[in-house]
Amino acid sequence: SASAEKQKPAASMIHFAAHVAQLPENANNVSVNSVTVKSPVPTTNRPILCEVEVTNHGTRTIRDIPLSLLVDGKPSATESIPHLEQGATRTVRFSPTISEVGPRVIEAKVTVDDAMPDDNAAASVVTVISRINILVLNGNTFANKTEQSATFAQLSLDPQSLSLSESGDAPDDDSSIESRPIQIRSLDINYITSVDRLDEFDVVLLCDVPRLNEESSDKLTSYIKNGG
């Protein structure tokens, strides 16, 4: 429209300037681009896979680059990158273990003398939990236990819990239960209302559940609406 044309600035009103800066012949600049936690659910006292991406932005190959991993500011592991060509990127993997629950800062640093020290480190925040609690709800209680999908789910996720429930014996060491990263409780779907708080479980699995009564449905709906 005519009014829109009037609002456009004339070409003579637009001003800009550009300056191309040339890097010196022997400029060094190695950066830590990112720290990525690859473990989907980090738990305590278990290896947490992390990938650190390092790039050489300088003008020449850098050799023997020290790379350190820190957890909450404390050294956890070190690696040495043998060589990194100009413009190349290298991914280095670490597997630290963390003993404390809660948010933790995982940081990676390269120790090099370069032109831009501010990009020599990067960090990522990860929330570590003690274990994953899973509730398996079995809707097929008439079939043989070895043919129930709930049994297969429990066997694949936490086989030790199944062996304990079969034997009926308590473990000799309670710490063996606490140390398991995944812990399962199996329950007949008809007894879901006996669980006081579903939010104690990170995951609820419904195995062979064809239908739910109103009370059970409301309980699960509330669980999902609150993040379950």
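The values are calculated or read from the model by the stated rules, or taken from the named source; none is laboratory data. Computed from a prediction, not measured in an experiment: that's the story for all the values here. Cβ placement follows ideal geometry from the backbone for every residue including glycine, while neighbour counts extend to all protein chains displayed. Side chains included, ligands, DNA and RNA excluded: accessible areas come from the protein's heavy atoms. Shrake-Rupley method; radii C 1.70, N 1.55, O 1.52, S 1.80 Å.
Details
- Complete set of residues in segment 106-123 that are open to solvent by 40 Å² or more (accessible area, probe 1.4 Å) and at pLDDT below 90: Asp113, Ala115, Met116
- Arg60 outside any strand (DSSP E or B), open to solvent by 10 Å² or more (accessible area, probe 1.4 Å) and within 20 Å of Asp113 (Cα to Cα): yes
- Meets criteria (assigned to a strand (DSSP E or B) and open to solvent by 40 Å² or more (accessible area, probe 1.4 Å)) for Glu53: yes
- Scanning segment 65-103 for residues that are among the hydroxyl-bearing types (Ser, Thr, Tyr) and under 15 Å from Val52 (Cβ atoms) yields Ser68, Ser76, Thr78, Ser80, Thr89, Thr91, Ser95.
- Here the condition is being modelled with pLDDT of 90 or more, over 29 Å from Glu100 (Cα atoms) and of a type outside the set (Gly, Ala, Ser); of Asn138, Asn144, it holds for Asn138 alone.
- Scope segment 133-145; condition more than 17 Å from Arg197 (Cβ to Cβ) and surrounded by 15 or more Cβ atoms within 10 Å (Cβ to Cβ); matching residues: Asn138, Gly139, Asn140
- In segment 106-123, the residues that are in a loop (DSSP other than H, G, I, E, B) and among the β-branched types (Val, Ile, Thr): Thr111, Val112
- Residue pairs meeting the criteria (Cβ under 7 Å; at least 6 apart or on separate chains; first modelled with pLDDT of 85 or more, in segment 148-164; second part of a helix (DSSP H, G or I) and surrounded by 14 or more Cβ atoms within 10 Å (Cβ to Cβ)): Gln154/Ser161; Gln154/Leu162; Leu155/Leu162
- From the list Ser68, Ser130, the lone residue that is open to solvent by 20 Å² or more (accessible area, probe 1.4 Å), in contact with a Ser or Thr (Cβ under 6 Å, 6 or more places away or on another chain), of a type in the set (Ser, Thr, Tyr) and touching a residue at least 60 places away in the same chain (Cβ under 8 Å) is Ser130.
- Some residue of segment 86-105 being part of a helix (DSSP H, G or I) and at pLDDT 85 or above: no
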